[in-house]
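What follows is a single structure, written as structure tokens, with notes after it.
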Amino acid sequence: MGNLPKPARKKKDSPAKNESPNQGKLINYATCAPADMSYPTDLGLLNQVRVHTEKIIDILIKSLKGKIQKKPRTYRKIARKDYLAVAKQKRPSRHKKKQAIKKQLQYIKRNLAHIEQLIESGDPLQNLSQKQYKTLLVLSEIYRQQLWLWENNKQSISDRIVSLSQPHIRPIVRGKAGKPVEFGAKLSASCLEGYVFLDRISWDNFKESGDLKAQVEAWKNYTGHYP
């Protein structure tokens, strides 16, 4: 008998062949959902703060009727006149705006001092609603931030409040032409086969590049392969 041919050995599949190849296209992007609010200015924001402190003073005085002899002066008519003198100008100079901000800060400081004195005169805080008390805390924080910006001649501060009615909103620097700063929640999303997944939402600005690894791994868990 002749020599029989040896049976061919089966080649083991390489690990690379067992793995699924990369498939599909993953689109990642970030955007900002604009909030329903007017464009904020420091002078306009301080004017709103001043008006609300005057309202709180009126509420506290009404609750302490008969306990105090003289109503504290707020100079609200003069304060509004000072505000409108600059706000109505189309392009006021930087010096004029800074002087107007200084005046509004002084009015607010006086009003906050009156509120503190009224609180010490009795217990009128119980006459404020939960919303009004929260607003009072926001007013104090806005005054602190704006005073720091004015004293240090700065344009930005951490956790800056730009809306009295929506204090959670933060300025989101986008750098787009014509609209470098937006106000609203920043979104980080990914698009998979026509479906959009919201991966992250934040009122504070963040670097969307930090979400890339997690988005790719989420694709792997969902489809079984990398994009």
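One line per residue, one yes/no per condition, for (1) among the acidic types (Asp, Glu); (2) in contact with a Gly (Cβ under 8 Å, 6 or more places away or on another chain); (3) in a loop (DSSP other than H, G, I, E, B):
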| position | (1), (2), (3) |
| --- | --- |
| Ile27 | no, no, no |
| Ala30 | no, no, no |
| Arg50 | no, no, no |
| Lys62 | no, no, no |
| Lys67 | no, yes, yes |
| Tyr83 | no, no, no |
| Arg91 | no, no, yes |
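Gly175 passes every criterion in (1) assigned by TED's automatic domain parsing to the domain that holds Ile68; (2) of a type in the set (Gly, Ala, Ser); (3) under 21 Å from Asp204 (Cβ atoms) apart from (1). With respect to being closer than 27 Å to Thr31 by Cα, in contact (Cβ under 8 Å) with a residue 12 or more places away in the chain and not assigned by TED's automatic domain parsing to the domain that holds Asp204, Ser140 falls outside the description. Looking across segment 187-217, the residues that are touching a strand residue (DSSP E or B) at 6+ places or on another chain (Cβ under 7 Å) and within 15 Å of Asp159 (Cβ to Cβ) come down to Ser202, Trp203, Asn205, Phe206. Residue-level check: of (1) surrounded by 14 or more Cβ atoms within 10 Å (Cβ to Cβ); (2) over 30 Å from Ile172 (Cα atoms), Arg73 misses just (1).
Return a yes/no flag: does segment 105-125 have any residue that is of a type in the set (Asp, Glu), surrounded by 13 or more Cβ atoms within 10 Å (Cβ to Cβ) and either under 30 Å from Asn205 (Cβ atoms) or outside the structural domain of Trp203 (by TED's automatic domain parsing) (or both). No; the residues of segment 105-125 include none that is of a type in the set (Asp, Glu), surrounded by 13 or more Cβ atoms within 10 Å (Cβ to Cβ) and either under 30 Å from Asn205 (Cβ atoms) or outside the structural domain of Trp203 (by TED's automatic domain parsing) (or both).
Within segment 40-58, take every residue that is without any contact (Cβ under 8 Å) to a residue 60 or more places away in the chain and not small (Gly, Ala, Ser) and give me the one that is surrounded by the most Cβ atoms within 10 Å (Cβ to Cβ). Write out each step before concluding.
From segment 40-58, those without any contact (Cβ under 8 Å) to a residue 60 or more places away in the chain are 41, 44, 47, 51, 54-55, 58; that's our starting set.
The next check asks that each one be not small (Gly, Ala, Ser); those that pass are 41, 47, 51, 54-55, 58.
On the way: Thr41: 13, Asn47: 22, Val51: 15, Glu54: 18, Lys55: 11, Asp58: 12.
Step by step, filter segment 40-58, then rank; the result is Asn47.
Taken together, Gly184, Gly178, Gly224 contain a single residue that is farther than 18 Å from Asn28 by Cα and surrounded by 12 or more Cβ atoms within 10 Å (Cβ to Cβ), which is Gly184. Taken over segment 69-81, residues that are assigned to a loop (DSSP other than H, G, I, E, B) and over 19 Å from Ser140 (Cβ atoms) amount to 5. Is it the case that Pro227 is at negative phi and free of Cβ contacts under 8 Å to residues at least 12 places away in the same chain? Against the criterion (at negative phi and free of Cβ contacts under 8 Å to residues at least 12 places away in the same chain), Pro227 does not qualify.
If only residues of segment 74-100 that are closer than 21 Å to Arg110 by Cβ and among the polar types (S, T, N, Q) are counted, the one that is nearest to the chain's Cα centre (by Cα) is Gln99. Taking (1) surrounded by 13 or more Cβ atoms within 10 Å (Cβ to Cβ); (2) in contact (Cβ under 8 Å) with a residue 24 or more places away in the chain in turn, Lys67 satisfies each apart from (1).
The values are calculated or read from the model by the stated rules, or taken from the named source; none is laboratory data. It should be emphasised that the depicted structure is a prediction, and the values quoted were computed from it without experimental measurement. Heads up, the Cβs are rebuilt from the backbone with ideal geometry, glycines too, and the neighbour counts pull from every protein chain shown.
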